Amino acid sequence: MKAVVWHGEGDIRLDTVDDPTIQQPTDAIVQITRSAICGTDLHFIRGTMSGMAEGTILGHEAVGVVTEVGSAVRRFSPGDRVLICSTMSCGACRNCRRGLTAQCDVANPNGPLAGTCFFGGPQPTGPVDGLQAEYVRVPWAVNTLIPLPENVSDDAAILLSDIFPTAWFGAELAGVNRGDTVAVLGAGVVGQFAIASAFRQGAGRVIAVDGLRSRLDIALGQHAEVIDFNAEDPVPAILESTQGIGVDAVIDAVGVDAQRPWAGPAKRAGDEQAEQFDAERSQVAPQTNVQGENWVPGNAPSQALQWAVSAVAKGGRLGVIGVYPPAMTSFPIGEAMNKNLIVKLGNCNHHTVTPPLLDIVATGLVDPTALITQQEPLTSAVEAYESFDRREEGWLKTELTVG
């Protein structure tokens, strides 16, 4: 079968690999019909999340049809249309039973202390081959797969595999309450869904911060207020718009690959921290393979965290869903402590978060397909990765069609 395979930093290829097979009674084999490219995947290619094993198939978002099940899979059978959760979970351990499925005690092959197990990630997360392929083996299929109703299309379902649930989870982490003013840092596709999630969870105002005009225009279409960090310094702008108080909650949808402002009043502050940011980048990305404009690690790893802590009100809340690798140690803890902030972060508990969102999509209350900006065949995945990585205008979310 064809699959997108990681061979090293800056080196991904569309390879022909062996078809997956049932390895455990709890496995299922799924024929993929839709996959997608996520900003998380770029971390592995840029080098800002190390530990990838050569030969790992990339991707953690997919929809497909079950073709085979192991003897212990009693919930699904061949022919079922399914959504594949990005994170794997057994459904029986202590953490799964309390809804913390991203921290399943048994799904990660590295043991109960290893943390989240997700498709297409580095060695500490498994590794488990990912979903940018024609077929995939799904471990712990009973809890990792979600059945799809007939009235939810593959195109709509693909954004429920990770993006929409993660954004919703970010708003939950930030403790969004009715009437809150919420800042969303990053207006990529996760940020866009975070805006929608914050409003649906009761926010009275949402302020989106990004440096790309096309993304801010989409946020405007959701009735968010927008701040271009290349035109304004976002922290003073947020404080000014909240009468000097700050926002009630911040959702960080940026993560480690943040980019410093290239213009405007915020550029000076970023330039003054260049030495600190360079040290952080060396820490999180010890090995890179920059090729022209491609695979360039972010030049301000802790910038979003700094802005978040500075922009939130005293006693406010910060929800972090932007990806930070274990090597990242920078956080403005002194300022956060002095403001009595509540900080929550982590990987989405997909198995528990996704089903209610699937109901919202099935009833037509939300149309996630509006945020799919590109649809490419799996055979064009490498070229699509390159365009997405360069942050080309209009490249918000790329769906990969398979078969």
Assuming Thr181 fulfils every condition listed in (1) among the hydroxyl-bearing types (Ser, Thr, Tyr); (2) in contact (Cβ under 8 Å) with a residue 60 or more places away in the chain; (3) closer than 26 Å to Thr369 by Cα apart from one, which condition is it?
(3)
Scan Cys117, Cys38 and give me the residue that is crowded, with 17+ Cβ neighbours inside 10 Å and either in the same structural domain as Asp257 (by TED's automatic domain parsing) or under 23 Å from Ser387 (Cα atoms) (or both).
Cys38
Residues that are part of a loop (DSSP other than H, G, I, E, B) and in contact with a strand residue (DSSP E or B) (Cβ under 6 Å, 6 or more places away or on another chain): does the stretch 85-106 have at least one?
yes
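Determine whether the stretch 371-388 contains at least one residue that is assigned to a loop (DSSP other than H, G, I, E, B), surrounded by fewer than 14 Cβ atoms within 10 Å (Cβ to Cβ) and not acidic (Asp, Glu). Give the derivation first.
First pass over the stretch 371-388, keeping only residues assigned to a loop (DSSP other than H, G, I, E, B): 372-373.
Cutting the leftovers down to surrounded by fewer than 14 Cβ atoms within 10 Å (Cβ to Cβ) gives us none.
Among the residues of the stretch 371-388, not one is assigned to a loop (DSSP other than H, G, I, E, B), surrounded by fewer than 14 Cβ atoms within 10 Å (Cβ to Cβ) and not acidic (Asp, Glu), which makes the answer no.
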Among (1) closer than 23 Å to Val4 by Cα; (2) out of contact with any Cys (no Cβ under 8 Å at 6 or more places or on another chain), Arg98 falls short only on (1)
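State the number of residues belonging to the stretch 43-84 that are of a type in the set (Val, Ile, Thr) and part of a strand (DSSP E or B). Explain how you work it out, then say what you get.
First, pick out the residues of the stretch 43-84 that are of a type in the set (Val, Ile, Thr): 45, 48, 56-57, 63, 65-67, 69, 73, 82, 84.
Subsequent filtering for residues that are part of a strand (DSSP E or B) retains 57, 63, 65-67, 69, 82, 84.
Number satisfying all stated conditions: 8.
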Which numbered condition trips up Val353, out of (1) in a loop (DSSP other than H, G, I, E, B); (2) under 16 Å from Ala167 (Cα atoms)?
(1)
For the stretch 304-339, give me the residue count where each residue is within 23 Å of the chain's Cα centre (by Cα), surrounded by 20 or more Cβ atoms within 10 Å (Cβ to Cβ) and among the small types (Gly, Ala, Ser).
5
Neighbours by Cβ (under 8 Å, 6+ apart or cross-chain): first from the stretch 44-60, outside the structural domain of Gln123 (by TED's automatic domain parsing) and farther than 12 Å from Asn289 by Cβ; second at pLDDT below 95 and outside any loop (DSSP other than H, G, I, E, B)
none
Tell me, which residue of the stretch 177-195 that is assigned to a loop (DSSP other than H, G, I, E, B) and closer than 18 Å to Leu305 by Cα is nearest to the chain's Cα centre (by Cα)?
Gly188
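The values are calculated or read from the model by the stated rules, or taken from the named source; none is laboratory data. Only a predicted model underlies this, so the values are computations on that prediction, with no experimental measurement involved. So basically every Cβ, Gly included, is an ideal-geometry build from the backbone, and we count neighbours across all protein chains shown.
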